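Contents: one structure, followed by commentary.
Just so you know, all these numbers are worked out from the coordinates, no wet-lab data involved. All figures in this text were calculated on a predicted structure; none of them were measured in a lab. Here the Cβ is made from the backbone with ideal geometry for all residues, glycine too, and neighbour counts use every protein chain on show.
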Amino acid sequence: MLRAPFMTIQDVAELLKVSKATVRTWIKNEELRAVKLEREFRIAKIDLERFVEARATMAPPETAVSSSDETAPGT
C-alpha cells in the first residue's frame, strides 16, 4: 500500500522555495493532499507532483518520437 515515500512540510517548503506556512495553507485549503499522522502532516511525492502539475502554465512537452517509429521518406 505505501509505495511512495512521504515528505514533511519542511521538505516540501524547501523543495518549492516557499514558507512552511504556505504549505500548511495549501493543506488547510485542501489544495495539497496530506496525511496527518499524530500531530504531523506527511505529503506523498505523487501528490506533490500532481499539485505542481495542476499549476503548470502550459502542457508538458511532447515526448520525442523514437527513430524506430519514423518512416524513411519514399518508403
With 10 Å bins from 0: P(r) over segment 23-65, alpha-carbon pairs, percent = 24, 45, 20, 10, 2
Difference of contour (0.36 nm per residue) and Cα-Cα distance, Arg39 to Thr22 | 4.3 nm
Site Asp11, offset 7 angstrom along Cα→Cβ, radius 17 Å on amide nitrogen, limited to segment 31-50, gives 32-50
Dipole of segment 6-54, Cα-centred, from +1 at each Lys and Arg C-beta and -1 at each Asp and Glu C-beta, to the nearest 20 debye?
-> 160 debye
